[in-house]
1. Please determine, by comparing only the residues of the stretch 50-73 that are in contact with a helix residue (DSSP H, G or I) (Cβ under 8 Å, 6 or more places away or on another chain) and of a type outside the set (A, V, I, L, M, F, W, C), which one is surrounded by the most Cβ atoms within 10 Å (Cβ to Cβ).
2. For residues that are at pLDDT below 90 and of a type in the set (A, V, I, L, M), scanning just the stretch 157-182, find the one that is surrounded by the fewest Cβ atoms within 10 Å (Cβ to Cβ).
3. So which helices (runs of 4 or more DSSP H) are wholly in the stretch 95-148 and hold at least 1 residues that are touching a residue at least 24 places away in the same chain (Cβ under 8 Å) and closer than 26 Å to LEU188 by Cα?
Amino acid sequence: MSPSPSNLGRALRGIVWLALVAIVIGGAWGIWRWATYPKYPDLATATVEEAIAFMGDDEFNRMFEWHRRRYALGVAEKMREKPFAEIMRMMTSRAPEHEAAARNIRRLEARREIGDAFTRVFLDKFFEEPPMKQKAYLTVFAYLQQTEIAQHPERVGLPTAEEFKAGMGRFIGSQPPRVQGQMGQFLLDLRRQRELLGLPEPF
């Protein structure tokens, strides 16, 4: 039995009414989300320090996941503005905002992609340094590998030796030949410097 025109009319009006309600609710939510969205530092004008401090703030976690990914990748590229000495200082810093930023990045699904981006910047900036400075930095890295943090990285939220090796293999396998060559050369030079200093293997 076919539905009567009046029943069809009521059904259509009901569908239209539900659609309008959904549009109104969605629009209201969108306006509220826009009005309360976190105010983040503009990467075009902010300093690296300001951007990293924001990534360690709870406001960063309120951003959409895709926006946090894009923002973190932008911060990685902004690190190229820094000389390698400054990058190294920031890497070895135990500043609370740096540790907080690292924790927030680890919550993201794109954490590996973001980590890879920072690693590429690190390698590029390292190999921009003259050979004598590279050796000096390698000496610092070699001694850092002997510290308590290197021996027990899990105590400060860093990857264990096994996790580091697995992550390194994944990183090298997923990078273009230029980056693979940089990482291979860096690890080889670091091992040679460690042997020259008479330091044991860290792992």
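1. First pass over the stretch 50-73, keeping only residues in contact with a helix residue (DSSP H, G or I) (Cβ under 8 Å, 6 or more places away or on another chain): 51-57, 60-61, 63, 68-69, 71-73.
Still in the running and of a type outside the set (A, V, I, L, M, F, W, C): 56-57, 61, 68-69, 71.
Details: GLY56: 20, ASP57: 15, ASN61: 15, ARG68: 23, ARG69: 18, TYR71: 20.
Checked the stretch 50-73; the qualifying residue surrounded by the most Cβ atoms within 10 Å (Cβ to Cβ) is ARG68.
2. Of everything passing the filter in the stretch 157-182, ALA166 is surrounded by the fewest Cβ atoms within 10 Å (Cβ to Cβ).
3. Details: elements: 96-106, 111-128, 131-144.
By residue number, 111-128, 131-144.
The values are calculated or read from the model by the stated rules, or taken from the named source; none is laboratory data. Keep in mind that what you see is a predicted model, and the values were worked out from it rather than measured. Glycine gets a Cβ as well: all are built from the backbone with ideal geometry, and neighbour counts include every protein chain shown.
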